[in-house]
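S.K.: Before anything else, here's the structure in question.
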Amino acid sequence: MLARRFDLIVVRGPSAAEFMKQRGLGRRIEVVPGSIDTRRFSPNGEYRPYDVVTVSRLVPYKQPEHLLEILIRLRERRPGFRALIVGDGPLLEALKAQAAERRIADCVEFKGHVENVERYLRESKIFVLTSKSEGLSIAMAEAMAAGAVPVVADVGDLGELVDNGKTGWRISPGGFDEYADRIDSLLRDSAEFRRCSQAARVAVVAHSAVESIAGRWCNLIENVCGTGSAA
């Protein structure tokens, strides 16, 4: 296989690195995550009218119907909550119909595809992700950069940024009541929310900011290739 001929293979997260190592692909495997422009998503102190937001392609493996189950339970705890679903995909119309059928349509806004996603992330308190599998979600990293606290499925590489009780919370997949309880707790305790919000941004700036990732690439290339010398 071609991959076995490379001196260095760079992947985006630990799960991919483990996959490559188990199969003996590449002489050296290193992880360099994707970068985001954290300045673009910097919180500006404006009011956050949305309690819950998700940004996702609405496809089966993202399990957006699980989000509706969480919101149904959240409404029992917080009847006046507001949620925002940003993203397009083949499940959009079915989700709208399900929201109406389950009588939460008045609490949920479907925005579809948007270009200025940073606006909605800055206006939201909690970022929720219910995917069946994930690498290190760029949408989640952007939300954290905007100060939204992640409450996400404990899958894939999300734990690279989500440290339980510090930068957010990872929830057992399918734990709808656990999701709702954690979201409700964060919304009730403004001090905890602010602490997690600030820690989330600090973590993602250190891990995924363009400047940080550029430095990691430079160090890695120099380490592997050397600086060379003039003739």
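S.K.: Testing residue 101 on (1) in contact with a Cys (Cβ under 8 Å, 6 or more places away or on another chain); (2) surrounded by fewer than 22 Cβ atoms within 10 Å (Cβ to Cβ), one condition comes back false. Which one is that?
M.R.: (1) is the only condition that residue 101 fails.
S.K.: Okay, next question. Among the residues of segment 139-149, write down those that are buried (at least 24 other Cβ atoms within 10 Å of the Cβ) and touching a residue at least 40 places away in the same chain (Cβ under 8 Å). So that I can check it myself, show each step before the final result.
M.R.: If we filter segment 139-149 for residues that are buried (at least 24 other Cβ atoms within 10 Å of the Cβ), which is where we start, we get 140-141, 143-149.
Listed by number, the residues that qualify are 141, 143, 144, 145, 146, 147, 148, 149.
S.K.: Could you tell me how many of the residues in segment 117-135 are closer than 12 Å to residue 55 by Cβ and out of contact with any helix residue (DSSP H, G or I) (no Cβ under 9 Å at 6 or more places or on another chain)?
M.R.: 2
S.K.: Next question, about the same structure. Regarding residue 156, is this residue closer than 28 Å to residue 30 by Cα and touching a Lys or Arg at 6+ places or on another chain (Cβ under 8 Å)?
M.R.: Working: closer than 28 Å to residue 30 by Cα: yes; touching a Lys or Arg at 6+ places or on another chain (Cβ under 8 Å): no.
It is false that residue 156 is closer than 28 Å to residue 30 by Cα and touching a Lys or Arg at 6+ places or on another chain (Cβ under 8 Å).
S.K.: Can you go through 121, 136 and tell me which one is crowded, with 17+ Cβ neighbours inside 10 Å and assigned to a helix (DSSP H, G or I)? Walk me through it before giving the result.
M.R.: Working: 136 fails: assigned to a helix (DSSP H, G or I).
Testing whether each residue is crowded, with 17+ Cβ neighbours inside 10 Å and assigned to a helix (DSSP H, G or I) leaves just 121.
S.K.: Could you list, in sequence order, the residues of segment 47-59 that are out of contact with any Asp or Glu (no Cβ under 7 Å at 6 or more places or on another chain) and either touching a residue at least 40 places away in the same chain (Cβ under 8 Å) or among the acidic types (Asp, Glu) (or both)?
M.R.: 47, 51, 52, 53, 54, 55, 56
S.K.: How many residues, within segment 174-193, are surrounded by 18 or more Cβ atoms within 10 Å (Cβ to Cβ) and not β-branched (Val, Ile, Thr)?
M.R.: 8
S.K.: If you don't mind, there's one more thing I want to ask. Without any contact (Cβ under 8 Å) to a residue 40 or more places away in the chain and either within 19 Å of the chain's Cα centre (by Cα) or farther than 29 Å from residue 44 by Cβ (or both): which single residue out of 208, 172 fits that description?
M.R.: Numbers: 208 fails: without any contact (Cβ under 8 Å) to a residue 40 or more places away in the chain.
Within the list 208, 172, the selection yields 172.
Throughout, read-outs are computed from the coordinates displayed, never taken from laboratory work. Source: prediction; values computed, not measured. Glycine also receives a Cβ, built like all others from the backbone with ideal geometry; neighbour counts cover every protein chain displayed.
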